[in-house]
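Below: one structure, written as structure tokens.
The values are calculated or read from the model by the stated rules, or taken from the named source; none is laboratory data. Just so it is clear, the structure is predicted and the values come from calculations on it, not from any experiment. Positions of Cβ are generated from backbone atoms using ideal geometry, with glycine treated the same way; all protein chains shown enter the neighbour counts. All accessible areas refer to the heavy atoms of the entire protein, side chains included, with ligands and DNA or RNA removed. Shrake-Rupley method; radii C 1.70, N 1.55, O 1.52, S 1.80 Å.
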Amino acid sequence: MKRKIKTLFVASEVVPYAKTGGLADVSGALPKALAKLGADIKVVMPRYYSIDKNTLEHIPMALGVDMGAMGELWAGVYRTHLPDSDVEIYFIDHEAFYGRSGLYHESSAYEDNDKRFVFLSKAALQLSRALNFKPDIVHANDWHTAALPILLKTALREDDFFQETSSVLTLHNLQHQGVFGKALMDILGIDWKYFTPMELEAMDNVNLLKGGIAFCDALTTVSKKYAKEIQTPEFGFGLDGHLRAHAHKLYGILNGIDYTEWNPAVDRYIAANYDVDTLLKKKACKRDLQERFGLPLREDVPLIGFVGRFVTQKGIELIAAVMEGLLEMDIQVVMLGNGEFWAENFFSHVAEKHPQKFGCYIGYSNALAHQIEAGSDLFLMPSLFEPCGLNQIYSLRYGTLPIVRATGGLDDTIVNYNHETGEGNGFRFDYAAPDALYHTVKWAVETYYREKDDFLRMQKRAMRAHFGWLDSGNEYLDIYKALYYHKKIQRYQ
Ligand code: ADP
Ligand code: GLC
């Protein structure tokens, strides 16, 4: 196909401008890969208060955004390029919505999150008109931008400008669905006939993600296993039936990794750079990590790291339940994260009680996340559900063997250690129970102490694995192209 597919990619967070989790990593990397593969792509996100206007180019246009019952609101526009690329990223500026310290919440979720993100979706569509950039594909991510496929199939169904446009919605996390009071229908500005259980309605509220799933032309999620899991009651968060009804357009595409950022050979945050041939230098990173957490500087002890949000999804209750038992072993544990208050207190308390074995940093630190990946021997990720998970894939490249619950992307990327053959790249368990986690960590620790050759071979195997964005990008592009041709055929029938 000679013509470049025109894509408008909209997300609520994009690395390096704003990040709370993996969505930002994906939104920063996937558009660059798609551009390399030949897409003509523009990215759109909010201009949060934390993003310095002076680092961006001001575009002298004011977008009038029709917010239905709220009337017309105005948005300013800024622009730059994603680092090391030609991909343009546009920032929607609106002080009243984005001039705050958080992305989604401070002590609690912002009460007007529905308006803040419907505004983002509507402004992105207005922007594409203002730039005369007629998208073949509008690519939305999670509930924040799920209004895009909804609007395209309802209010804008007859709109000339978007006649050639198809939509893709990527589900990064089904737990958060964007459920709001039904007054949102009048801000979306769409006909109430769409307020049905098959489309936007859920228990007399508007469920944006549900609507997005109903109206998008293709639905993707970030691993093959999660694509199956979300069609079951255990993982569907109430939308499993709805997802089964739309399974014909659901695809699982595993996330890639940005190896310019997450690669011990070039990582600028770590004490020593190393690769699979110079793995011995990883010791310097371990020592550095022990120093940072004030732990005894021991080379021979297995050091287990954790990086992630302190929320139920990440299995923090399981970790808390087994921590005292684990610390009876000859190990060291370091944790980086923030989130639920009880967990922050709990792990801080464990650190005070066991300063020789356990360290924790409550907060957000990108540098420390890199240092934990590099300095640990094992990486703990016992998630209850995990759409893809990036940290375990980073860990592989750093030769830090993941201990995971076999779910979602963890199941798709981590191969269990086989004591007979020495195969594998990590340690897995199935049941989300403290005992299962405890015994799996114990097994990993014993392997570290007793099966040194196997452990080393697994580290090297892990480091050689490649989860590049170009492979995933190609799968997205295939979907884009299929939708593009489908639209063409439809138009001339
Ligand atoms: P999720 O998006 O569900 O949080 P992922 O594994 O996909 O999980 O991505 C999490 C990303 O956020 C990773 O890049 C990880 O390093 C980063 N991260 C999470 N918590 C922290 C933290 N406290 N400090 C620094 N980075 C963090
Ligand atoms: C979500 C998921 C995580 C995934 C990330 C990027 O936050 O929780 O598993 O890796 O999105 O797709």
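What to note about this one:
- Rounded to the nearest 20, the size of the Cβ-charge dipole of the chain about its Cα centre is 1160 debye, with Lys and Arg at +1 and Asp and Glu at -1.
- Remark: the range 354-435 projects, on average over all directions, an area of 6.7 nm² (convex hull of Cα atoms).
- For Met70, solvent-accessible area (1.4 Å; no DNA, RNA or ligand), Å²: 70
- C-alpha center-to-center spacing [the range 95-148, the range 414-493] in angstrom: 32
- Against the chain, whose longest principal axis is taken from its Cα atoms, helix 366-375 shows a tilt of about 40°.
- For Lys228, the aspartates and glutamates whose Cα falls under 17 Å of its own Cα, not counting residues fewer than eight places away in the same chain, are Asp240, Glu386, Asp411, Asp412, Asp430.
- Relative intensity, log₁₀ I(q)/I(0), of the chain from a Debye sum that treats every alpha carbon as a point, q = 0.06, 0.10, 0.11, 0.13 Å⁻¹: -0.28, -0.77, -0.93, -1.23
- Options Ala272, Ala214, Leu131, ranked by Cα towards positive dipole end of the chain, top entry (Cβ charges): Leu131
- Cα-based radius of gyration for the range 276-466, normalised by 2.2 N^0.38 Å, reads 0.92.
- Couplings for the range 37-49, taken from phi via the Karplus curve 6.51 cos²θ - 1.76 cosθ + 1.60 with θ = phi - 60°, read 7, x, 8, 9, 10, 10, 10, 10, 8, x, 8, 5, 3 Hz in order; Gly and Pro are left as x.
- Seen through its C-alpha gyration tensor, with square-root eigenvalues sorted a ≥ b ≥ c, the range 29-89 comes out prolate because a/c lies at 1.5 or above while a/b is bigger than b/c.
- Packing-based ranking, highest mean first, of 270-277, 49-56 given that Cβ atoms within 10 Å are counted: 270-277, 49-56
- On Cα atoms only, tilt of 113-130 relative to the major axis of the chain in degrees: 60
- Selection from Val14, Val65, Ile41 lying farthest towards where the dipole of the chain points positive, charges on Cβ: Ile41
- Contact order for the chain, expressed relative to its length and based on alpha carbon pairs under 8 Å spaced 6+ residues apart, stands at 13 percent.
- Once C-alpha pairs closer than 8 Å and six or more residues apart are averaged by separation and normalised to the residue number of the range 359-475, the relative contact order reads 22 percent.
- Listed by chain and number, the lysines placed with their C-alpha closer than 16 angstrom to that of Lys32 are Lys4, Lys6, Lys42; residues fewer than eight positions away on the same chain are left out.
- For the range 155-160, 3J(HN,Hα) computed residue by residue from phi via the Karplus equation (6.51, -1.76, 1.60; θ = phi - 60°) reads 4, 9, 3, 9, 6, 4 Hz, glycine and proline entered as x.
- Computed from Cα atoms, the angle from the helix 22-36 axis to the main principal axis of the chain rounds to 70 degrees.
- Comparing Gln459, Asn391, Ser472 along the charge dipole axis of the range 353-493, the residue lying farthest to the positive side is Ser472, per the Cβ-charge model.
- Evaluated with a Cβ-only charge set (Lys, Arg +1; Asp, Glu -1), the range 276-466 carries a dipole of roughly 600 debye about its Cα centre, given to the nearest 20.
- The range 276-466, relative contact order [Cα under 8 Å, separation at least 6], %: 22
- Protein-only accessible surface order, largest first, of Glu229, Glu164 at 1.4 Å: Glu164, Glu229
- In the chain, helical runs assigned H by DSSP with n ≥ 4 each contribute -39500 (n - 2.57); averaged across all residues and rounded to the nearest 500, the mean residue ellipticity at 222 nm is -11000 deg cm²/dmol.
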